[in-house]
Amino acid sequence: MIFWTRIAVLYLVRSWRSTAVLAAMVFSAVSVLIFLSALVTGITDAMVKNSVSLFSGHISGFGLPVSFPKDKLLTKEVSSVLKRSSAPGILENGDRFEMVVLVAVNPEEEKKSTALWKKIVQGRYIENGRNEIVLSLPVAKDLGISPGQMISFRKELNSEPVHFAVSGLYETGVDRLDRRYAFCPDGAWLMDGKTHDFAIFLKTGYDADEIVKNMNIGPGHFKTWTQLMPDLKQLIELNDVSMNLVMVLVCGVVSIGIACAFAIFILKNLREYGIMKSMGITSGETAFLIFSEVILMNIIASFFGIIGGITAVYIVKETGIDLSAYTSHNQYFAVSGIIYPRLTVNSLSFPPILALAFSMLAAIWPAVLVSRKKPVDILRSV
């Protein structure tokens with residue numbers, strides 16, 4: 001094997017022009033696919049971050065007792081935890097009514113971890129120590145109310161109303177937020193005092209479902225963004241399938257080019273293979289030589305392709321790629337349209353492995369072409 005590998009290296013060096021062209025094809029395919037794979041990962045990160053950073057967090061905890069310690073949720077994977085209280089009820093302004101869920105939050109902590117306050121379109125966000133409320137623009141229009149006016153909230157039709165000053169109106173473009181929730185400062189109104197909700201925000205790259213499995217707190221209390229937003233999960237899976245299909249198509253096209261180029265290369269040097277076979281070289285050794293040439297060329301080209309892909313990602317990693325002009329009406333990019341490519345083990349390993357697999361398939365044709373010919377026939381045809 002060492003002998004034939006050395007011969008394969010000498011063949012590649014001697015035919016350096018052909019080797020350079022084929023290596024450039026593999027290099028381009030691997031580097032571009034690594035960059036595109038990192039970009040798709042960045043798009044996934046952006047869609048998830050945009051969706052969870054508005055309000056819900058990567059993991060939402062419901063109905064936990066007041067005594068439940070917040071610090072228990074602050075693990076190494078968690079960037080922040082927000083504690084909230086909520087109650088469904090009725091907002092009323094004169095003879096107009098709207099069903100909402102009123103959520104009591106800490107405005108200062110919410111500003112550090114969520115982006116809902118950035119979506120204020122009229123007035124301002126709520127502040128601690130004030131008896132005020134922030135509504136969505138669609139709900140405010142249905143109620144006929146604007147910032148600065150007073151509004152009442154009842155938990156039930158027969159319960160005593162609680163009055164709030166409307167501090168501002170928000171609009172996210174996400175229907176489940178714009179039609180369902182209203183927010184007031186924690187302490188502006190006493191909820192039932194028995195349970196609290198939590199919003200858990202994770203650091204980039206951690207799996208929310210795996211973290212929930214390891215919590216051991218009890219079933220039903222926590223739900224991940226994949227459970228609350230199945231449409232987003234399905235869209236991400238579709239992106240992954242599309243990217244894998246692109247990888248297969250690109251590597252397939254490159255492998256066809258490699259097969260054709262090696263077939264031409266072998267036909268050009270067919271006399272040498274005929275002489276080797278007449279000297280007693282077996283068909284298996286001839287095939288091993290051809291496969292060695294393809295694999296060596298592919299490994300070297302893929303190595304530099306990986307470096308090229310990593311370099312391309314790091315060039316745009318800090319500044320990102322601004323796609324705001326193409327995502328301004330997309331609910332999954334409600335906060336920011338900037339994409340930050342991110343390298344993963346899969347994005348670094350899958351393109352070169354796929355390129356190698358297809359290159360090995362591409363070597364079958366030229367190997368069979370030589371192996372099936374008899375030495376006499378080869379020498380006569382040259």
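A few notes on this one:
- With Cα atoms as the point set, the radius of gyration and Dmax of the chain evaluate to 31.2, 105 Å.
- Gained length - Ser159 relative to Asp231, 0.36 nm times residue gap less alpha-carbon distance: 22.2 nm
- Cα-based Kirkwood hydrodynamic radius, the stretch 92-141, one decimal, Å: 12.4
- Exposure proxy ranking, count of Cβ atoms within 10 Å, fewest first, for Ile256, Ile34: Ile256, Ile34
- Reachable aspartates and glutamates, given that their alpha-carbon falls under 16 Å from the alpha-carbon of Lys317 and they are not under 8 places away in the same chain: Asp45
- Pair Thr282, Glu92: separation of 7 Å Cα→Cβ label points (nm): 9.3
- Normalised by the number of residues in the chain, the average gap of Cα pairs under 8 Å and 6 or more apart makes the relative contact order 29 percent.
- Normalising the average separation of contacting C-alpha pairs (under 8 angstrom, six or more residues apart) by the number of residues puts the relative contact order of the stretch 67-193 at 32 percent.
- A simple spin-label model places pseudo-atoms 7 Å from Cα toward Cβ; at Glu127 and Glu272 they are separated by 8.2 nm.
- Amide hydrogen proximity for Leu64: with H placed 1.01 Å from N in the peptide plane, the residues at 5 or more positions away or on another chain lying under 5 Å are His196.
- Where both bridge residues fall in the stretch 67-193, DSSP classifies roughly 65% of the beta bridges as antiparallel.
- According to the calculation over all Cα-Cα pairs in the stretch 11-148, the P(r) per 5 Å bin from zero is 2, 7, 11, 14, 13, 11, 8, 6, 5, 4, 4, 4, 3, 3, 2, 1, 0, 0 %.
- Cβ-derived FRET efficiency at R0 51 Å, Glu210 paired with Val368, nearest 0.05: 0.65
- Legend: translational diffusion of the stretch 1-67 by Stokes-Einstein, Rh = Kirkwood radius over C-alpha pairs, 20 °C, 1.002 mPa s; D = 127 µm²/s.
- Seen from a random direction on average, the alpha-carbon convex hull of the stretch 131-212 projects onto 7.7 square nanometres.
- Per-selection Kirkwood Rh - the stretch 67-193 (Cα, Å, 1 d.p.): 15.1
- Under the span-like rule (Cα at least 27 Å along the axis, Kyte-Doolittle mean at least -0.5), DSSP H helices of the chain: 16-53, 230-268, 283-317
- Sequence-distant lysines (8 or more away, or on other chains) whose Cα lies within less than 23 Å of Lys277: Lys268, Lys373, Lys374
- Normalised convex hull volume, the stretch 254-367, alpha-carbon set, Å³ per residue: 134
Taken together, the values in this text are just the output of simple stated rules run on the coordinates, not laboratory data. Just so it is clear, the structure is predicted and the values come from calculations on it, not from any experiment. Neighbour counts run over all protein chains shown; Cβ positions are idealised from the backbone, glycine included.
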